[in-house]
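See structure below.
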Amino acid sequence: MTRSKELLLTCSLCLFPAMAAGQGLDPALLMKSLSNDWPTYSGDYSGKRYSSLTQINQSNVKNLTLAWVSRMTAGAGNPGGGRGGGRGFGGGGAPTIVGGEGTGDATGGGGANIRASVLEIGGILYLSTPDNAWAVDARDGHELWHYFWKTKGGTHIGNRGLGMWGNWLYMETPDDYLVCLDSKTGKERWHVEIADFNEQYFSTMAPIVVGNHILVGTGDDLDAPGFLQSRDPETGALQWKWYTVPLKKGDPGMETWGDVDTARHGGGNVWIPGAYDPDTHLYIFGTGNPSPAYTNPPGRNGDNLYTCSIVAVNVDTGKMAWHFQTSPHDTHDSDSTETPILVDAEFNGKPRKLLLHASRNGYYFTLDRLTGERLVTSKYSDSVNWAKGLDEKGRPIRNPEKDSTVAGSLVSPNNGGATNWPPPAFSPDTGLFYVPTNDAYAMYYLTETDPRGAMGLGGKEEDGLGSMGAYLTAIDYKTGKVAWRHKYPGTGGNLGNGILATAGRLLFAGDLGGNLVAYDPANGKILWHTHLGQVSNAPETYMLDGHQYILVAGGDSLYAFTLY
């Protein structure tokens, strides 16, 4: 953008009247395919991150330019307003509302790092970082309000975003509360405890709103059982809770554990949002690794259900309909929590209701989402070596020689995974599934030889050996074969931060060089890029006042691009 255009834009935005925050979310919008707004974590329930917007397309993406940038300041600030600080072209302070159960002594540390999905509803952006939530004008980026939660402490690794129901917003906190905010003012309506902070739980998931259910999940890297729960949107009261591991003798899945005590401390946490199928009322999501993750006490004998699995739960009853385990008896922290994608598409010449999933373990799966039947299994990372084949169910078979050993085992992927939390995307225009990928190796050393001595992620040391490269990978869902790969600049070691597909026949993703890039989804050719220095979340798009915007975060700042 030229200096003259920047000054002209700044002046025009200063004259633009401030919008009243909080337009409310019509529940019907959540049932529609992704279009003008971005009302939930993946844009819509399907998880595709595919927008029908076409104003920005292959013919004009070269003209994409910066509309505004807005910097978020985390922390208590100056309650009551007038905080100042960088607010992009919009300028101006905003009131800070302070809540929380902490004394104010504990902090998450550091400034804002926006890794979350950003909601856009009625011209307002709603975003979050650990302990913080904001409302921002989607036209010019000026801040409307800021909410700060005084934490009791805990793991502040990230926050995946907010959920919305009517005029109310929902946020999980690292110290395990669900907070309900008024979207118009940012004022707190109530908060409820969703997990026991003293048991090392931490909560990062974006709440998912389905009907009158607020679906929330938690993480735990020690030895507590994982669970998904549903909360009442008006009061926060518990509606149901589904545990990802069996808790007592006779529970389904107990036969896949060596003993009851290990199973009931077996992990399988839920920390990334899933997808929802309105036709079947099934919420489909992934679960995390078993505990202990790297050692093999007798209590871990068996497949260890329902860890490292894709699970379908009836949203009204909390009962499991089906499951598919992507890493039986996982020994490498290979969570299966990455958001699955639901598509209605052809398979073997017939229309099928499908689920597409790239697991952290380096394997790709196509499932029937009505039954959980496995249709396709394939490797999407060239370096994967932890498994020695597939079993009769199409699941990878763990190779015990690749477990952590005293002498050390060469393993790929490394602990970060062939992919991780950054969300994938799917384009019905190409029939391709897109996922960020890292072909990395590490040596795994066993440091606790007493099988009773390790909990959670303990008992091993990992020494990274580097990466063969990080890629944007496109996969044919019908065969599982890689259609194309685009190698990110540098030697890699990270994954980028998620993908957006649009009907303008574009893919947007951040790369490891700090660039926001637009690709041709058919072949990976670069069509446009801009250097931000850092891209920290998955790009999104929305339409407002006749203009399509591309939105992305870079650390503590939001960047909005449009055509001029």
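In this view, the solvent-accessible surface of Phe148, computed with a 1.4 Å probe and all protein chains in place, comes to about 40 Å².
The angle separating the long axis of helix 3-15 from the principal Cα axis of greatest extent in the chain is about 80 degrees.
Extension gain for the segment Asp429 to Glu101, taken as residue separation times 0.36 nm less the Cα-Cα distance, is 113.2 nm to one decimal. Working note: Karplus 6.51/-1.76/1.60 with θ = phi - 60° gives segment 150-160 the couplings 7, 8, 8, x, x, 7, 9, 6, x, 9, 8 Hz, where Gly and Pro are set to x. Placing a pseudo-label 7 Å from each Cα along the Cα-to-Cβ vector at His547 and Arg452 gives an inter-label distance of 6.7 nm. Full extension of the chain between Thr479 and Asp463 gives 2.3 nm of extra length, using 0.36 nm per residue less the Cα-Cα distance.
The local environment of Leu446, defined by Cβ-Cβ distances under 9 Å, has a net charge of -2 under the rule Lys, Arg +1 and Asp, Glu -1. Each residue of segment 359-374 was assigned a 3J(HN,Hα) from its phi angle through the Karplus expression (A = 6.51, B = -1.76, C = 1.60, θ = phi - 60°), giving 8, 4, 6, x, 10, 9, 9, 10, 10, 7, 7, 7, 10, x, 4, 7 Hz with x at Gly and Pro. Close amide H pairs (under 5 Å, H built 1.01 Å from N) link Trp190 with Cys180, residues at least 5 positions away or on another chain.
Phi angles of segment 477-482 translate, via the Karplus equation with coefficients 6.51, -1.76, 1.60 and θ = phi - 60°, into HN-Hα couplings of 5, 6, 10, x, 7, 6 Hz per residue; Gly and Pro are given as x.
What accessible area per residue comes out for the chain, rounded to a whole number of Å², with a 1.4 Å probe?
35
Taken as Cα centroids, segment 316-385 and segment 520-547 sit 27 Å apart, rounded to the nearest whole angstrom. If you take every residue apart from Leu527 with its C-beta less than 14 Å away from the C-beta of Leu527, what net charge results, scoring Lys and Arg +1 and Asp and Glu -1? For residues surrounding Leu527, the net value is +1.
Given H placed on each backbone N at 1.01 Å, which residues far from Ala67 in sequence or on other chains put an amide H within less than 5 Å of it? Placed amide hydrogens put Ala560, Phe561, Thr562 under 5 Å from Ala67.
Placing pseudo-labels 7 Å out from each Cα toward the beta carbon at Ile157 and Thr530 gives an inter-label distance of 3.2 nm. Near Leu178, once Lys and Arg are set to +1 and Asp and Glu to -1 for all other residues with Cβ below 9 Å from its Cβ, the sum equals -2. Sorting Val406, Val245 on solvent-accessible area from highest to lowest, probe radius 1.4 Å, gives Val406, Val245. Remark on Lys460: its backbone amide H falls under 5 Å from those of Thr447, a criterion applied only to residues 5 or more positions apart or on other chains, H modelled at 1.01 Å from N.
On the basis of the beta-carbon distance and an R0 of 22 Å, Leu238 and Val260 show a calculated FRET efficiency of 0.35. Counting only DSSP H runs of at least 4 residues, each contributing -39500 (n - 2.57), and dividing by the residue count of the chain, the helix-based mean residue ellipticity at 222 nm comes to -1000 deg cm²/dmol. At a 1.4 Å probe, what is the % contribution of carbon and sulfur to the accessible area of the chain? Heavy-atom surface of the chain belonging to carbon and sulfur, 1.4 Å probe: 50 percent. Computed extension gain for Ala522 through Leu410, at 0.36 nm per residue and net of the alpha carbon distance, reaches 36.8 nm.
The values are calculated or read from the model by the stated rules, or taken from the named source; none is laboratory data. Keep in mind it's a predicted model, so treat the numbers as computed, not measured. Virtual Cβ from ideal backbone geometry, glycine too; neighbours counted across all protein chains shown. Surface areas here come from the heavy atoms of the whole protein model, side chains and all, with no ligands, DNA or RNA. Shrake-Rupley method; radii C 1.70, N 1.55, O 1.52, S 1.80 Å.
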